[in-house]
Amino acid sequence: MKLPHKAHVAIVDGENFTVMRNSGKPFEPKLEGAQKPDLQATNFSAGVRHQDEVGQRTGATDLNELAHGAAAAEWLNAKAISGELTDVLVIADPKTLGEMRRHYHSELEKRLVGEIDKTVTGETTSQIEKVIASA
């Protein structure tokens, strides 16, 4: 995947949110400047309708995790609207990414350079760079 120089990379799952920046070349990303924004998970709008079939039967969907994904999207929306983000790559586990997409503002959508539906929280920075390069 081509990741523009100085693009932001948002790495999200149901509990973690990290934002890094690409200081490398478009096809050779080098991530640095990790920051962990403090999120307030207040949007629990996912409700039952967002649960997958198994989650609906077993009640296994964690609304706190979905609310965290919504809060991450809202944080990214605010930064995109204010002009603090220009190019953004979102990497999130499939369920969190699905919830985030429901909350994307049009300004954030204009700035998205891509999405990767993969869980990479807990991985080393070099492993995340490899995931981006091979996407």
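The values are calculated or read from the model by the stated rules, or taken from the named source; none is laboratory data. Keep in mind the model is a prediction, meaning the values are calculated, not measured. Because the Cβ atoms are built from the backbone with ideal geometry, glycine has one as well, and the counts that use them run over all protein chains shown.
Output the number of the condition that Lys95 fails; it satisfies all remaining conditions of (1) of a type in the set (D, E, K, R); (2) part of a loop (DSSP other than H, G, I, E, B); (3) under 14 Å from the mean Cα position of the chain (by Cα).
Result: Lys95 fails condition (2) only.
With the requirement that a residue be buried (at least 21 other Cβ atoms within 10 Å of the Cβ) and not in a strand (DSSP E or B), what does segment 15-34 give you?
Residue satisfying the conditions is Pro29 alone.
Test of understanding: among Ala92, Ala67, Ala133, which residue is modelled with pLDDT under 95 and within 20 Å of Val19 (Cβ to Cβ)? Even if it seems obvious, please write down each step before you answer.
Details: Ala92 fails: modelled with pLDDT under 95; Ala133 fails: modelled with pLDDT under 95.
Only one candidate passes the filter, namely Ala67.
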